[in-house]
Amino acid sequence: MKNIEIEVNTLLRGNRISLSKLTTEEIGDEHISTGTETPMTADAFTMSDTEKIAKIETYFKQIMETLGLDLSDDSLKGTPQRVAKMYIQEIFSGLNPANKPKIALFENKYQYNEMLVEKDITFYSNCEHHFVPIFGKAHVAYISTGKVIGLSKLNRIVNYYSKRPQVQERLTMQIAKEMQEALETESVAVIIDAKHLCVSSRGIKDNSSATVTSFYGGKFKEDNTRQEFLKYLDLKTHY
Ligand SMILES: [Zn+2]
């Protein structure tokens, strides 16, 4: 567990400098992230979704044609438009801040100041280095400082940040940061246990490995609080 956390922290802090010295070939299949924010251009949202779909449809058609696929075939001809719509409206919809879930805070009337754990949140994302799926479970927790949010909002936060081209370390950090801001507390924990199809279906072709990343903020930095959280998860894997 400790090892993974240290790795994540090192990646987020240290590697912008060293990364820039490497060529794409040298980076190869290493899944390295450059920071907590998803790198985006300043003009990312000047085009409408409809314009983006039309543009991606054209480009994806070219990719398929380059592969030698016959787009006059009934089964293939709708694919460029299907892919374009899926990118913008579904699997990459979390790039657009307009789709961010609105989170309302409620007063914690029952004075519940203990830990709240939402475990086994299923998520689907995509690796930003290969554009193939990353999927798995997210386990999140917080300790209320007097405010609470609807439980489904925790799922929505996980889903929103999943629907971007991602690296698992960044996804973990983005969910944690959003929870800290929304819940107005530092005491937030996030564990993500995921499979990367770019590892299992290609490249090294390891079918059984999973990647675990974690974030512990505020009171979760204390060993007893962290252990309590892990106990609730009751997982066979030791995080
Ligand atoms: Zn990948």
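The values are calculated or read from the model by the stated rules, or taken from the named source; none is laboratory data. It should be emphasised that the depicted structure is a prediction, and the values quoted were computed from it without experimental measurement. Positions of Cβ are generated from backbone atoms using ideal geometry, with glycine treated the same way; all protein chains shown enter the neighbour counts. Note: areas computed on protein heavy atoms with side chains; ligands, DNA, RNA excluded. Shrake-Rupley method; radii C 1.70, N 1.55, O 1.52, S 1.80 Å.
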Can you tell which of T122, T66, T23 is at pLDDT 95 or above and surrounded by fewer than 11 Cβ atoms within 10 Å (Cβ to Cβ)? T66
Please tell me if E30 is within 16 Å of the ligand (Cβ to nearest atom), at pLDDT below 95 and not in a loop (DSSP other than H, G, I, E, B). no
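So that you can scan it fast, the table gives a plain yes or no per residue for (1) among the hydrophobic types (A, V, I, L, M, F, W, C); (2) without any contact (Cβ under 8 Å) to a residue 60 or more places away in the chain; (3) in contact with an Asp or Glu (Cβ under 8 Å, 6 or more places away or on another chain):
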residue	(1), (2), (3)
L67	yes, yes, no
D70	no, yes, no
D73	no, yes, no
G78	no, yes, no
V83	yes, yes, yes
M86	yes, yes, no
E90	no, no, no
G94	no, no, no
Every residue from region 214-228 that is in contact (Cβ under 8 Å) with a residue 40 or more places away in the chain and under 18 Å from K177 (Cβ atoms): S214, F215, Y216, G217, G218, K219, F220
Looking at region 125-220, what helices (runs of 4 or more DSSP H) fall wholly within it and have at least 3 residues that are open to solvent by less than 10 Å² (accessible area, probe 1.4 Å) and within 16 Å of the ligand (Cβ to nearest atom)? 168-183
Got a number for residues in region 79-103 being open to solvent by 30 Å² or more (accessible area, probe 1.4 Å) and not in a helix (DSSP H, G or I)? 4
Condition (residue is outside any loop (DSSP other than H, G, I, E, B) and either more than 16 Å from the ligand (Cβ to nearest atom) or modelled with pLDDT of 65 or more (or both)) applied to region 41-49: is it met by at least one residue? yes
